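Take a look at the structure below.
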Protein chains: 4
Amino acid sequence: MEKETGRVEAFSDGVFAIVITILVLEIKVPKDEGSHLWHGLAEQWPHYAAYVVSFLVIGVMWVNHHTIFGHLKRVNRTLLFLNLVVLMVVSVIPWTTAVLADHLRDPGSAKVAAILYSSLTVVYAVAFLGFWWYITHVGHLFHDHVDRDGARATRLRFGLGCIAYPCTLALAFFSAPLTLAAHGLIALYYAANQIPIPLVNDGPSGDGDDDGTEEEAEGHVTAVP
Amino acid sequence: MEKETGRVEAFSDGVFAIVITILVLEIKVPKDEGSHLWHGLAEQWPHYAAYVVSFLVIGVMWVNHHTIFGHLKRVNRTLLFLNLVVLMVVSVIPWTTAVLADHLRDPGSAKVAAILYSSLTVVYAVAFLGFWWYITHVGHLFHDHVDRDGARATRLRFGLGCIAYPCTLALAFFSAPLTLAAHGLIALYYAANQIPIPLVNDGPSGDGDDDGTEEEAEGHVTAVP
Amino acid sequence: MEKETGRVEAFSDGVFAIVITILVLEIKVPKDEGSHLWHGLAEQWPHYAAYVVSFLVIGVMWVNHHTIFGHLKRVNRTLLFLNLVVLMVVSVIPWTTAVLADHLRDPGSAKVAAILYSSLTVVYAVAFLGFWWYITHVGHLFHDHVDRDGARATRLRFGLGCIAYPCTLALAFFSAPLTLAAHGLIALYYAANQIPIPLVNDGPSGDGDDDGTEEEAEGHVTAVP
Amino acid sequence: MEKETGRVEAFSDGVFAIVITILVLEIKVPKDEGSHLWHGLAEQWPHYAAYVVSFLVIGVMWVNHHTIFGHLKRVNRTLLFLNLVVLMVVSVIPWTTAVLADHLRDPGSAKVAAILYSSLTVVYAVAFLGFWWYITHVGHLFHDHVDRDGARATRLRFGLGCIAYPCTLALAFFSAPLTLAAHGLIALYYAANQIPIPLVNDGPSGDGDDDGTEEEAEGHVTAVP
């Protein structure tokens, strides 16, 4: 059973690793000759910005996926399927990134592309919340050290955390570059902050320590969307 | 020997993860400017539909591959070769997906593309049945907890399960979009239903419980094509 | 130290899995409309043939790499470097495959492409022999169950096995399709036949049983180029 | 906790394996017919040279990443983030490689491309030093056998080792081919030479044995940028 978890993690890690790496395939080689190449390289700044932001976004998604699986003891068929749906959404990011980068300098189409980019992150948030909701709902897939009632209670906070994504969707109607920047900031924020998954030996510290960022928490770990 | 199984699984997982992820590389970035980009994005619906269906199809193939290997204790050279043939067929799916998506809106060529897509799944079914037939035939590659005679008896049911693929091939002569939808429905059906691999401690429940979908079956696991 | 071996294997498996999977990216989607798509698909036969052959070739290379690492207990910096050189050569195969497939129907350039394809396999054979020569030379990287003197004695036989590759190079001057077919046959031959790596408990069977193909050999395993 | 380290390694290995393998996707298939294909193949020498050099460069980066993780017992959120930054820089190498290879024969733009290529390695050195600085700073992530004070003392030497990259940047203003050659030589040098990470049982040999290249060092292992 342990082994099953291992192989799902290996498969998911593979998908995340490939998705994050093929982002670079969307950056083209400028054809400009001579010192005009500087100009050609500079013209591509939307691709560099989109690369960095999407790399961070996918990286944070991987860290959270990784954290949740660290608390699971086994998987069942439903979880395999929900995991597949999460991976299906994540795998689309290189495409929405390319659409946004290609259109970022044309104000009209940039708005459309930014709406597309943000919409996909909203779909991701829904898929991820469904994944987490199911795990906390059935409960028995967790390792014994996880406080199942406490884990269930994190759902609301998870949902609130996800509200950032619809906000970027609203922002997309105003400015595509700001939308991209917002996604980068959200990723940086979630890289540093954590919603704890309570453990059974989580004592009194579980009450007042909601978003502590201590780095070696023995008692609670992170899983933010 | 255990280790051998581990590395074959790791290699196969890698191939499945890459195949499922490069599907997205076939979706192009529309060049339409301004709000016409909405139109350009909408025009590409065949690519989105084909992406979702093929992602599910490959995902279910991975789940079944993963389930079977969970019951193997070791591999031999013949199995490595049969596994390679299965992976060779799976790796072609991104191409048949691209052919179908590119041609889905031209009725004439869509039929050809749908026949190609369905034919590959038939070839996959044959390769997978050969793989499973060999494992149940030699028997000694299984873990000790597997009921080898019972496993052998599942072959017919496996074969019947595969009949869905030739049916989609017949359907391809009538409608390419329906063929794609049928593949999606088959994948969803197989994601939820299971043919059990009987275990030696499988007691009386092994008789009447053919397609039970209980999620934590201690006594039998899934492997449908 | 065990762990080191594990991570080198994981990295190498990843490279092999990616190389074997990106072969399909070289097969293009024909643009023919209506039933002409049949013609367009048929025209691409060199790509299908090259795909199947190269998939088998890389698959056999992976099996041998996998077999050798199954007998190693640890790695050192030199071995990491030699392994990297082997992977560097293997990673070029998708490109030589694409060159051969693109030119197979033009007799003049097909010859050039076939020479290129075969030359790379010769380079691979040299890299792989260097890798194996080093392992048998230092000896102490093997697991204790390996008969080090016996392993050293396999070098000549390995070298003879590699002679098939220069032969395909000679054949390339006459016929590119035959060269491709020859590579397919060599891969099938090596998939079925084995040069044993002698083990210390290899008793009397080690003498007369040179190319036995029994599938569950407890006493000796395979490593052919 | 061990498991966490395992999954970060698996993810990182996946990224390194993909980055090193997609290098080959940048080498194009020449369209020349007949024996002119020889000419077309020869014309592409900058791509072959860039492929070999970047493969070695990424390979050495992987070996060092692998060595450092072999000395870690656990990871925390900051390290996951710093690791992500290192991977983000490494993943750009296929693009800088393609830019350099495409422009290597045009003296004007080749200079620009070489500056770009070398600049990325400088960024990598900064990211990698930050990664190593953090690990030695917090200390508690190391396995118990690592001499933490000694590890901290290696920082200066690491930094000096990285000075090679700014030197290639200076060289890029003079000659792009020489810059590429310099990167290849640096990779070969680092493949053979090591800065030891001192272990607690490292006895007297830890003092005078700065750059020993013995291959099976029980007492100290390598981690050069």
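The values are calculated or read from the model by the stated rules, or taken from the named source; none is laboratory data. Please read these numbers as outputs of a predicted model, since none were measured by experiment. Because the Cβ atoms are built from the backbone with ideal geometry, glycine has one as well, and the counts that use them run over all protein chains shown.
Only residues that are more than 7 Å from chain A (Cβ to nearest Cβ), within 13 Å of B:THR97 (Cα to Cα) and not in a helix (DSSP H, G or I): list them for segment B:22-48, please. Within segment B:22-48, no residue meets the criteria. Within segment B:165-193, the residues that satisfy the criterion of being away from chain A (no Cβ under 14 Å) and of a type in the set (Gly, Ala, Ser) are B:ALA170, B:ALA172, B:SER175, B:ALA176, B:ALA181, B:ALA182. If you go through segment C:68-85 and pick out every residue that is farther than 21 Å from C:LEU199 by Cα and in a loop (DSSP other than H, G, I, E, B), you end up with 1.
Across segment A:14-40, which residue is surrounded by the most Cβ atoms within 10 Å (Cβ to Cβ) among those that are within 14 Å of D:LEU87 (Cα to Cα) and not β-branched (Val, Ile, Thr)? Break it down into steps so the answer makes sense when it comes.
Step one: list which residues in segment A:14-40 are within 14 Å of D:LEU87 (Cα to Cα), which gives A:16-24.
Subsequent filtering for residues that are not β-branched (Val, Ile, Thr) retains A:16-17, A:23.
On the way: A:PHE16: 25, A:ALA17: 29, A:LEU23: 24.
Step by step, filter segment A:14-40, then rank; the result is A:ALA17.
Residues that are in contact with a His (Cβ under 6 Å, 6 or more places away or on another chain) and surrounded by fewer than 21 Cβ atoms within 10 Å (Cβ to Cβ): does segment C:64-87 have at least one? Spell out how you get there, then give the answer.
As a first pass, look at segment C:64-87 and keep what is in contact with a His (Cβ under 6 Å, 6 or more places away or on another chain): C:71, C:73.
In the following step, the residues that additionally are surrounded by fewer than 21 Cβ atoms within 10 Å (Cβ to Cβ) were identified as C:71, C:73.
Yes, because at least one residue in segment C:64-87 is in contact with a His (Cβ under 6 Å, 6 or more places away or on another chain) and surrounded by fewer than 21 Cβ atoms within 10 Å (Cβ to Cβ).
Given the structure, is D:SER12 at pLDDT 90 or above, within 30 Å of D:ASP144 (Cβ to Cβ) and within 14 Å of chain C (Cβ to nearest Cβ)? Taking the combined requirement at face value, the residue satisfies it.
Of the helices (runs of 4 or more DSSP H) lying entirely inside segment B:132-194, those containing at least 2 residues that are on the phi < 0 side of the Ramachandran plot and among the β-branched types (Val, Ile, Thr) are B:176-192. If you check D:GLY130 against the conditions, is it among the small types (Gly, Ala, Ser) and away from every other protein chain (no Cβ under 12 Å)? For D:GLY130, the condition - among the small types (Gly, Ala, Ser) and away from every other protein chain (no Cβ under 12 Å) - is met.
For D:TYR51, indicate whether it is within 11 Å of another protein chain (Cβ to nearest Cβ), in contact with a helix residue (DSSP H, G or I) (Cβ under 7 Å, 6 or more places away or on another chain), part of a helix (DSSP H, G or I) and in contact (Cβ under 8 Å) with a residue 12 or more places away in the chain. Outline the logic, then answer.
Values: within 11 Å of another protein chain (Cβ to nearest Cβ): yes; in contact with a helix residue (DSSP H, G or I) (Cβ under 7 Å, 6 or more places away or on another chain): yes; part of a helix (DSSP H, G or I): yes; in contact (Cβ under 8 Å) with a residue 12 or more places away in the chain: yes.
The answer is yes for D:TYR51.
Determine whether segment D:74-88 contains at least one residue that is of a type outside the set (Gly, Ala, Ser) and within 24 Å of A:LEU37 (Cα to Cα).
The first filter runs over segment D:74-88 and keeps only residues of a type outside the set (Gly, Ala, Ser), leaving D:74-88.
From what is left, the residues that are within 24 Å of A:LEU37 (Cα to Cα) are D:88.
Yes, some residue in segment D:74-88 is of a type outside the set (Gly, Ala, Ser) and within 24 Å of A:LEU37 (Cα to Cα).
For segment C:93-133, taking the residues that are over 22 Å from C:LEU79 (Cβ atoms) and aromatic (Phe, Trp, Tyr), the one that is surrounded by the most Cβ atoms within 10 Å (Cβ to Cβ) is identified as C:TYR117. Within segment B:67-82, the set of residues being at the interface with another protein chain (Cβ under 9 Å from one of its Cβ atoms) and within 14 Å of C:HIS66 (Cβ to Cβ) comprises B:ARG74, B:ASN76, B:ARG77, B:LEU79, B:LEU80, B:PHE81. Within segment A:12-67, being among the hydroxyl-bearing types (Ser, Thr, Tyr) and touching a Gly at 6+ places or on another chain (Cβ under 6 Å) holds for one residue alone: A:SER35. Please verify whether segment D:88-98 includes one or more residues that are on the phi < 0 side of the Ramachandran plot, in contact (Cβ under 8 Å) with a residue 12 or more places away in the chain, among the hydroxyl-bearing types (Ser, Thr, Tyr) and within 9 Å of chain A (Cβ to nearest Cβ). The answer is yes, given that some residue of segment D:88-98 is on the phi < 0 side of the Ramachandran plot, in contact (Cβ under 8 Å) with a residue 12 or more places away in the chain, among the hydroxyl-bearing types (Ser, Thr, Tyr) and within 9 Å of chain A (Cβ to nearest Cβ).
Residue pairs whose Cβ atoms lie under 8 Å apart, separated by 6 or more positions or on different chains, with the first residue in segment B:140-162 and over 16 Å from B:ASN64 (Cα atoms) and without any contact (Cβ under 8 Å) to a residue 40 or more places away in the chain and the second of a type in the set (S, T, N, Q) and not in a loop (DSSP other than H, G, I, E, B), are B:ARG148/B:THR136; B:ARG152/B:THR136. Here segment A:144-184 is the region considered, the condition is being closer than 28 Å to A:GLY108 by Cα and polar (S, T, N, Q), and the residue that is surrounded by the most Cβ atoms within 10 Å (Cβ to Cβ) is A:THR179. Does B:PHE16 meet the test of being of a type in the set (Phe, Trp, Tyr) and over 26 Å from B:LEU180 (Cα atoms)? When the stated conditions are applied, B:PHE16 does not pass them.
Scanning segment B:99-109 for residues being at the interface with chain C (Cβ under 9 Å from one of its Cβ atoms) and assigned to a helix (DSSP H, G or I) gives a total of 7. Exactly one of (1) more than 7 Å from chain B (Cβ to nearest Cβ); (2) without any contact (Cβ under 8 Å) to a residue 24 or more places away in the chain is unmet by C:ILE58. Its number? With respect to (1) more than 7 Å from chain B (Cβ to nearest Cβ); (2) without any contact (Cβ under 8 Å) to a residue 24 or more places away in the chain, C:ILE58 is out only on (2). Between C:VAL63, C:VAL112, C:VAL122, the distinction of being within 14 Å of chain D (Cβ to nearest Cβ) and of a type in the set (A, V, I, L, M, F, W, C) belongs to C:VAL112 only.
Tallying residues that are of a type outside the set (Gly, Ala, Ser) and either touching a residue at least 60 places away in the same chain (Cβ under 8 Å) or under 20 Å from B:HIS66 (Cβ atoms) (or both) within segment B:109-137 yields 12.
The rows are residues; the columns are (1) at pLDDT 95 or above; (2) among the aliphatic types (A, V, I, L, M).
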site	(1), (2)
D:PRO107	no, no
D:LEU120	yes, yes
D:TRP133	no, no
D:HIS143	no, no
D:ASP149	no, no
D:TYR165	no, no
D:THR179	yes, no
D:LEU185	no, yes
